[in-house]
1. Have a look at A:SER336, A:SER347, A:SER363 and point out the one that is of a type in the set (Gly, Ala, Ser), assigned by TED's automatic domain parsing to the domain that holds A:LEU178 and over 30 Å from A:LYS73 (Cα atoms).
2. Go through the range A:90-114 and give me each residue that's touching a residue at least 24 places away in the same chain (Cβ under 8 Å) and more than 26 Å from A:GLY156 (Cβ to Cβ).
3. If I ask for residues that are among the polar types (S, T, N, Q) and modelled with pLDDT of 90 or more, which ones from the range B:21-41 would you list?
4. So which residues in the range B:121-141 are assigned to a helix (DSSP H, G or I), in contact (Cβ under 8 Å) with a residue 12 or more places away in the chain and more than 10 Å from every other protein chain (Cβ to nearest Cβ)?
5. Taking A:ALA257, is it farther than 20 Å from A:GLU370 by Cβ and facing another protein chain (nearest Cβ under 9 Å)?
6. Do you know which residues across the range A:337-349 are crowded, with 18+ Cβ neighbours inside 10 Å and either part of a helix (DSSP H, G or I) or in contact with a Gly (Cβ under 7 Å, 6 or more places away or on another chain) (or both)?
7. Kindly list the number of the only condition in (1) at pLDDT 90 or above; (2) not in a strand (DSSP E or B) that fails for B:VAL219.
Amino acid sequence: MTIQDPKTASEIASHVEEPSQAELKAPRRSALMALGWARENLFSSAPNTLLTVLAVALLVWAVPPLLDWVLLKATFLGADPQACRDAGGACWSFIEVKHRFILFGLYPHDEHWRPLLAMGLFLSAIAISCDPRFWNLRILAVWGAALPLCGLLMWGGLFGLSFVGNDKWGGLPLTLILATLGIVLAFPLSVLLALGRRSDMPAIRAICVGYIETVRGVPLVSVLFMASIMFPLFLPEGMTIDKLLRAQLGIMLFTAAYLAEAVRGGLQALPKGQYEAADALGLSYWQKMGLIILPQALRLVIPPIVNQFISCFKDTSLVIIIGLYDLLTTAKTALSDPLWRPFYIESYVFAAFIYFLFCFFMSRYSQYLEKRLNAGLKR
Amino acid sequence: MSDPVILLDQVNKWFGAFHVLKDVSMTVGKGEKVVVCGPSGSGKSTVIRCINRLEEHQKGRILVNGIELTGDVKMIERIRKEVGMVFQSFNLFPHLTVLENLTLAPNWVKGTPVKEATETAMAYLERVRIPEQANKYPGQLSGGQQQRVAIARALCMKPKVMLFDEPTSALDPEMIKEVLDVMITLAEEGMTMVCVTHEMGFARTVADKMVFMAEGRIVESSPPAEFFSNPKTERAQQFLGQILGH
């Protein structure tokens with residue numbers, strides 16, 4: 001603005017003044033605002049006031065003892081069980097002593113670097129898979145390299161690595177393997193089941209409905225029992241299938257049935273016009289599904305799919321009933337040392353913390369994915 | 001007239017117990033423009049949806065380009081390659097850009113290389129006058145623009161016939177003209193067209209034949225000049241009176 005008339009000049013002056021006044025008033029104003037906020041949000045009505053008082057009472061009752069136990073009365077590095085008992089708080093030195101057993105189970109102590117490295121590789125492959133830019137053939141290359149390497153590290157028997165049978169595997173690597181492979185293998189199967197359930201072909205539809213309803217009708221525990229105890233009875237004499245493989249298949253087949261229903265929800269939510277437009281253009285069934293329907297349907301059901309992933313991750317702890325040493329089982333077994341037996345809370349908190357890290361990551365990732373995939377989609 | 005592009009012979013269809021199409025017969029010759037009209041529920045949309053097998057007919061014969069529509073999936077896919085369709089609700093693929101909407105079918109169904117399919121797609125976007133929207137998503141376009149993209153998408157398959165199923169019924173009034181203009185241009189270029197529409201002005205301009213349906217039957221079939229000035233049946237007179245009356 002080049003023309004100066006008195007009015008604009010005074011306006012400008014007042015604008016310049018205003019911030020300095022605001023600055024002066026700032027502390028008092030923010031205190032007032034906090035009070036106002038509290039009145040509006042915490043004490044707006046009698047029930048609201050009551051809830052606020054109850055919430056504060058709960059915090060006063062719960063937080064100090066918790067803080068005492070976790071930090072103030074806790075014992076950390078190097079404390080022996082007696083010192084722990086004397087202190088009365090959490091005994092974090094239990095984790096220090098037992099963490100390798102909890103993380104790696106019965107895997108030979110001197111070789112722990114192998115499952116550690118394998119887990120690093122495995123997690124890196126998962127991290128890469130989480131990036132939508134890799135959702136093409138490259139992802140197969142990543143897993144094609146990562147899985148044999150992990151297998152080599154875990155089993156050994158080559159290149160001077162001593163052989164470790166998978167009956168010795170345990171802890172976090174076992175949980176990760178069961179959950180990840182369970183999810184990764186269940187996903188394509190679930191898509192096929194969902195498509196089959198909506199197929200025009202009665203035989204295929206009947207098979208898929210039968211499978212989904214049967215598997216959903218029984219608890220995972222019984223599926224694992226069947227896989228572990230009943231299944232070998234049907235095999236010819238002398239033929240055995242590895243216990244870990246059986247558990248893996250059980251988890252995969254179980255998860256697929258649940259996932260299939262989530263996927264079906266997405267297929268049904270799409271407007272009929274999308275199917276018709278794809279048909280009218282002459283796309284074949286698989287082109288229609290692969291290019292038009294599934295990309296949209298799966299986006300719609302990211303939340304229930306990830307829900308199922310999280311559920312599957314935690315359900316792997318049920319393999320305890322067929323004698324596999326997953327993370328929760330090793331946390332429990334670590335307590336069989338008579339010296340450290342009283343510190344079961346610490347052990348379970350440690351395992352819970354690890355479960356939480358993974359589940360929380362999945363939950364956040366699903367939110368990121370939803371945002372990113374819907375970025376271009378304004379309906 | 002040479003062999004008809006579309007031939008319907010005594011076509012019957014039921015939705016459950018409801019008899020939607022009753023002995024519907026008609027032919028559409030090469031380059032002919034047929035407008036199908038009639039009150040709602042008369043079966044006019046169902047007729048054109050039978051032509052590319054979005055609906056299955058139970059009795060009678062349908063031939064498209066000399067190929068008979070039966071349960072044979074291979075034949076259905078062959079016919080769909082030759083027949084373009086435009087829907088009332090556009091039905092663009094919302095997860096793909098405008099350009100991807102246009103190149104997908106030529107690329108996957110006909111095996112046209114992406115580069116060539118893209119050139120064709122841009123040429124058609126030019127013709128429906130929205131080349132600048134090529135990289136947007138359908139959700140970012142207005143209804144009229146979306147419908148023009150849908151027309152371009154069907155044209156990219158280089159069809160022998162275009163079916164229009166009430167293409168302007170879902171549009172705001174001010175957008176109807178831009179879509180009809182595109183359809184008129186297409187008609188002038190000699191495309192064979194079957195349109196279900198209530199746009200009688202459009203029908204008068206482009207139609208070679210008016211087909212009037214009521215209660216699942218073709219009640220009247222005549223050139224537009226005759227149909228509009230001198231409808232033979234009472235039903236058609238009633239219908240025209242209702243839609244032209246105000």
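1. Details: A:SER336 fails: over 30 Å from A:LYS73 (Cα atoms); A:SER347 fails: over 30 Å from A:LYS73 (Cα atoms).
None of the other options fit; the residue is A:SER363.
2. Residues of the range A:90-114 that are touching a residue at least 24 places away in the same chain (Cβ under 8 Å), as a first pass: A:90-92, A:94-95, A:97-99, A:101-108, A:111, A:114.
Hits for the range A:90-114 are A:ALA90, A:CYS91, A:TRP92, A:PHE94, A:ILE95, A:VAL97.
3. Narrowing the range B:21-41 to residues among the polar types (S, T, N, Q): B:25, B:27, B:40.
Across the range B:21-41, the qualifying residues are B:SER25, B:THR27.
4. Residues of the range B:121-141 that are assigned to a helix (DSSP H, G or I), as a first pass: B:121-127, B:131-133, B:138-140.
Applying the additional criterion that residues be in contact (Cβ under 8 Å) with a residue 12 or more places away in the chain yields B:121-122, B:124-125, B:127, B:133, B:138-139.
Residues satisfying the conditions are B:ALA121, B:MET122, B:TYR124, B:LEU125, B:ARG127, B:GLN133.
5. On the way: farther than 20 Å from A:GLU370 by Cβ: yes; facing another protein chain (nearest Cβ under 9 Å): no.
So A:ALA257 fails the test.
6. Taking the range A:337-349 first, the residues crowded, with 18+ Cβ neighbours inside 10 Å are A:340, A:343, A:346-347.
Scanning the range A:337-349 gives A:TRP340, A:GLU346, A:SER347.
7. (2)
One line per residue, one yes/no per condition, for (1) acidic (Asp, Glu); (2) within 14 Å of chain B (Cβ to nearest Cβ); (3) crowded, with 21+ Cβ neighbours inside 10 Å; (4) under 30 Å from A:VAL221 (Cβ atoms):
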position: A:GLY323; (1), (2), (3), (4): no, no, no, yes
position: A:THR330; (1), (2), (3), (4): no, no, yes, yes
position: A:ALA351; (1), (2), (3), (4): no, no, yes, yes
position: A:GLU370; (1), (2), (3), (4): yes, yes, no, no
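The values are calculated or read from the model by the stated rules, or taken from the named source; none is laboratory data. Predicted model, so just to flag it, every value in this text is computed and none were measured. Note that we place each Cβ from the backbone using ideal geometry, even for glycine, and neighbour counts take in every protein chain shown.
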